[in-house]
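Asker: Please see the structure below; I have some questions.
The values are calculated or read from the model by the stated rules, or taken from the named source; none is laboratory data. Computed from a prediction, not measured in an experiment: that's the story for all the values here. FYI the Cβ positions are ideal-geometry reconstructions off the backbone, even for glycines, and counts take in every protein chain you see. The accessibility values were calculated without ligands, DNA or RNA, using every heavy atom of the protein model including side chains. Shrake-Rupley method; radii C 1.70, N 1.55, O 1.52, S 1.80 Å.
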Amino acid sequence: MITSVAGLTTGEYLYGLLPYAHATENLFYGSSEFESLASTQLDNSSIFQINIQYDVGPNEIFNAKPIFSFYPESVTSFVRIEEGSIDRLTRGSTGTITNAITVDSEFYLNNIFISVYFAGTDDEGNYYESGWIDSVLMEIGQQSTPIIPPVTNNQDHLKSLPPLKQMRAGIAPEDITCKEGFVIAIKTSNGNPSCMKPGTKAKLLERGWVS
(Lines give C-alpha, C1' and ligand atoms only; values in the text may rest on other atoms or scores of the structure.)
Protein backbone atom coordinates (compact mmCIF):
# COMPACT_ATOMS: atom_id res chain seq x y z
CA MET A 1 0.00 0.00 0.00
CA ILE A 2 1.32 3.45 -0.90
CA THR A 3 1.31 5.84 2.03
CA SER A 4 2.04 9.55 2.06
CA VAL A 5 4.28 11.94 3.99
CA ALA A 6 2.73 15.41 4.17
CA GLY A 7 1.27 14.93 0.69
CA LEU A 8 4.21 13.11 -0.93
CA THR A 9 4.02 9.37 -1.44
CA THR A 10 6.55 7.25 0.43
CA GLY A 11 8.38 6.63 -2.84
CA GLU A 12 8.59 10.36 -3.56
CA TYR A 13 9.87 11.09 -0.05
CA LEU A 14 12.59 8.44 -0.27
CA TYR A 15 13.54 9.71 -3.75
CA GLY A 16 14.59 12.96 -2.15
CA LEU A 17 16.97 11.10 0.17
CA LEU A 18 18.91 9.37 -2.60
CA PRO A 19 22.59 10.32 -2.97
CA TYR A 20 23.40 12.68 -5.82
CA ALA A 21 26.12 12.34 -8.45
CA HIS A 22 29.10 14.62 -7.86
CA ALA A 23 30.32 16.76 -10.74
CA THR A 24 33.84 16.71 -9.28
CA GLU A 25 36.14 14.42 -7.30
CA ASN A 26 37.14 17.39 -5.10
CA LEU A 27 34.94 17.11 -2.01
CA PHE A 28 34.80 18.77 1.38
CA TYR A 29 32.93 17.37 4.38
CA GLY A 30 30.86 18.64 7.25
CA SER A 31 27.18 19.01 8.05
CA SER A 32 24.36 21.50 7.59
CA GLU A 33 20.94 22.26 8.99
CA PHE A 34 17.98 24.29 7.74
CA GLU A 35 16.58 26.90 10.08
CA SER A 36 12.86 27.64 10.09
CA LEU A 37 11.46 29.55 7.14
CA ALA A 38 9.52 32.71 7.86
CA SER A 39 5.75 32.76 7.49
CA THR A 40 4.73 33.67 3.97
CA GLN A 41 1.92 33.92 1.50
CA LEU A 42 2.25 32.66 -2.03
CA ASP A 43 4.05 35.15 -4.28
CA ASN A 44 5.83 36.74 -1.31
CA SER A 45 9.49 36.17 -0.45
CA SER A 46 10.51 34.41 2.75
CA ILE A 47 13.97 34.49 4.29
CA PHE A 48 15.55 31.27 5.53
CA GLN A 49 19.02 30.33 6.69
CA ILE A 50 21.24 27.26 6.46
CA ASN A 51 23.94 26.67 9.07
CA ILE A 52 27.11 24.89 7.92
CA GLN A 53 29.75 23.11 9.97
CA TYR A 54 32.92 22.62 7.87
CA ASP A 55 35.11 19.76 9.13
CA VAL A 56 37.26 18.10 6.45
CA GLY A 57 38.86 19.44 3.25
CA PRO A 58 41.07 22.32 2.13
CA ASN A 59 42.07 24.84 4.78
CA GLU A 60 39.59 27.33 3.33
CA ILE A 61 36.61 27.22 0.95
CA PHE A 62 35.85 30.51 -0.80
CA ASN A 63 32.46 31.73 -2.06
CA ALA A 64 30.68 28.74 -0.54
CA LYS A 65 27.13 28.74 -1.84
CA PRO A 66 24.15 26.36 -1.84
CA ILE A 67 22.98 24.50 -4.94
CA PHE A 68 19.25 23.77 -4.66
CA SER A 69 17.03 21.25 -6.40
CA PHE A 70 13.33 20.46 -6.00
CA TYR A 71 11.14 17.41 -6.08
CA PRO A 72 8.86 16.85 -7.88
CA GLU A 73 10.97 18.42 -10.63
CA SER A 74 7.78 19.73 -12.27
CA VAL A 75 7.52 22.46 -9.60
CA THR A 76 10.88 24.02 -10.49
CA SER A 77 9.28 26.75 -12.62
CA PHE A 78 7.07 27.80 -9.69
CA VAL A 79 9.81 28.15 -7.06
CA ARG A 80 12.60 30.72 -7.02
CA ILE A 81 15.45 30.91 -4.52
CA GLU A 82 17.88 33.81 -4.27
CA GLU A 83 20.81 32.07 -2.68
CA GLY A 84 23.39 33.74 -0.47
CA SER A 85 27.00 32.68 0.06
CA ILE A 86 29.87 32.69 2.54
CA ASP A 87 32.95 34.57 1.33
CA ARG A 88 35.39 32.39 3.29
CA LEU A 89 34.74 29.18 5.23
CA THR A 90 37.70 27.96 7.27
CA ARG A 91 38.10 24.30 8.17
CA GLY A 92 36.78 23.67 11.68
CA SER A 93 34.48 26.69 11.58
CA THR A 94 30.75 27.29 11.15
CA GLY A 95 28.91 29.70 8.90
CA THR A 96 25.38 30.78 8.02
CA ILE A 97 23.98 31.34 4.52
CA THR A 98 20.90 33.55 4.20
CA ASN A 99 18.55 32.86 1.29
CA ALA A 100 15.15 34.03 0.05
CA ILE A 101 12.45 31.76 -1.41
CA THR A 102 9.39 32.78 -3.44
CA VAL A 103 6.61 30.39 -4.44
CA ASP A 104 4.33 31.50 -7.30
CA SER A 105 0.63 31.93 -6.59
CA GLU A 106 -0.14 29.26 -9.21
CA PHE A 107 1.77 26.60 -7.26
CA TYR A 108 -0.48 23.52 -7.23
CA LEU A 109 0.84 21.27 -4.42
CA ASN A 110 0.69 21.42 -0.63
CA ASN A 111 4.40 20.79 -0.16
CA ILE A 112 7.74 20.52 -1.86
CA PHE A 113 10.95 18.60 -1.15
CA ILE A 114 14.02 20.87 -1.27
CA SER A 115 17.51 19.36 -1.46
CA VAL A 116 20.79 21.25 -1.25
CA TYR A 117 24.51 20.66 -1.51
CA PHE A 118 27.27 23.26 -1.42
CA ALA A 119 30.03 24.37 -3.78
CA GLY A 120 33.03 26.67 -3.64
CA THR A 121 36.73 26.92 -4.50
CA ASP A 122 39.98 26.52 -2.61
CA ASP A 123 42.72 29.17 -2.48
CA GLU A 124 44.06 27.96 -5.85
CA GLY A 125 40.70 28.26 -7.59
CA ASN A 126 39.97 24.51 -7.66
CA TYR A 127 36.24 23.70 -7.63
CA TYR A 128 34.89 21.73 -4.65
CA GLU A 129 31.50 20.29 -3.72
CA SER A 130 30.20 19.18 -0.35
CA GLY A 131 30.38 15.44 0.29
CA TRP A 132 26.92 15.52 1.83
CA ILE A 133 23.44 16.63 0.85
CA ASP A 134 20.76 18.11 3.09
CA SER A 135 17.03 18.25 2.53
CA VAL A 136 13.79 19.55 4.00
CA LEU A 137 10.12 18.91 3.34
CA MET A 138 8.43 22.31 3.14
CA GLU A 139 4.71 22.79 3.51
CA ILE A 140 3.19 25.38 1.17
CA GLY A 141 0.32 27.56 2.28
CA GLN A 142 -0.30 30.63 4.37
CA GLN A 143 2.80 29.68 6.32
CA SER A 144 5.78 27.93 4.74
CA THR A 145 7.51 26.03 7.50
CA PRO A 146 10.03 23.25 6.94
CA ILE A 147 8.90 20.09 8.62
CA ILE A 148 10.01 16.51 8.97
CA PRO A 149 7.57 13.63 9.36
CA PRO A 150 6.60 13.18 13.02
CA VAL A 151 8.74 10.74 14.94
CA THR A 152 6.83 7.56 15.77
CA ASN A 153 7.64 4.07 16.94
CA ASN A 154 7.63 2.91 13.32
CA GLN A 155 11.20 1.70 12.81
CA ASP A 156 10.86 1.73 9.03
CA HIS A 157 9.98 5.41 9.20
CA LEU A 158 12.88 6.22 11.53
CA LYS A 159 15.33 4.48 9.20
CA SER A 160 14.32 6.86 6.40
CA LEU A 161 15.53 9.91 8.37
CA PRO A 162 19.04 11.41 8.00
CA PRO A 163 21.53 10.02 10.57
CA LEU A 164 21.56 13.08 12.84
CA LYS A 165 17.75 13.07 13.02
CA GLN A 166 17.79 9.33 13.77
CA MET A 167 20.10 10.02 16.72
CA ARG A 168 17.88 12.88 17.93
CA ALA A 169 14.92 10.47 17.77
CA GLY A 170 16.68 8.29 20.33
CA ILE A 171 18.45 5.73 18.13
CA ALA A 172 21.92 4.78 19.42
CA PRO A 173 24.76 5.78 17.03
CA GLU A 174 25.76 2.16 16.45
CA ASP A 175 22.15 1.33 15.43
CA ILE A 176 21.73 4.15 12.90
CA THR A 177 20.76 2.94 9.41
CA CYS A 178 22.37 4.31 6.23
CA LYS A 179 21.24 3.97 2.64
CA GLU A 180 22.57 1.00 0.68
CA GLY A 181 26.24 1.45 -0.19
CA PHE A 182 26.91 3.80 2.75
CA VAL A 183 28.20 3.11 6.27
CA ILE A 184 27.88 4.98 9.55
CA ALA A 185 30.78 7.05 10.91
CA ILE A 186 30.96 9.16 14.06
CA LYS A 187 32.76 12.49 13.79
CA THR A 188 35.41 12.78 16.50
CA SER A 189 35.05 16.58 16.53
CA ASN A 190 31.46 16.65 17.78
CA GLY A 191 30.18 13.05 18.10
CA ASN A 192 27.63 13.51 15.32
CA PRO A 193 26.84 10.55 13.04
CA SER A 194 27.26 10.71 9.28
CA CYS A 195 26.65 8.27 6.43
CA MET A 196 29.46 7.94 3.91
CA LYS A 197 30.97 5.48 1.47
CA PRO A 198 33.30 2.84 2.96
CA GLY A 199 36.33 4.20 1.06
CA THR A 200 35.73 7.70 2.42
CA LYS A 201 35.38 6.39 5.97
CA ALA A 202 38.65 4.46 5.65
CA LYS A 203 40.52 7.63 4.64
CA LEU A 204 38.99 9.66 7.47
CA LEU A 205 39.75 6.88 9.98
CA GLU A 206 43.42 7.09 9.03
CA ARG A 207 43.35 10.80 9.84
CA GLY A 208 41.49 10.28 13.10
CA TRP A 209 38.56 12.44 12.00
CA VAL A 210 35.90 9.73 12.45
CA SER A 211 35.47 6.59 14.49
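Asker: Taking R0 as 30 Å, what FRET efficiency do you get between R207 and E83 from their Cβ-Cβ distance, rounded to the nearest 0.05?
Answerer: Details: r = 31 Å, r/R0 = 1.03.
About 0.45, to the nearest 0.05.
Asker: So how long is each side of segment 45-85 along the principal axes, counting just the alpha-carbon atoms, biggest first, in Å?
Answerer: Taking max minus min along each principal axis of the Cα atoms, segment 45-85 gives 38, 20, 15 Å.
Asker: Need one value: the accessible area of Y108 in square angstrom, 1.4 angstrom probe, rounded to the nearest 10.
Answerer: 120 Å²
Asker: Could you tell me what % of all Cα pairs in segment 64-109 have separations over 14 Å?
Answerer: Details: 597 of 1035 pairs.
For segment 64-109, the fraction of Cα-Cα distances above 14 Å is 58 percent.
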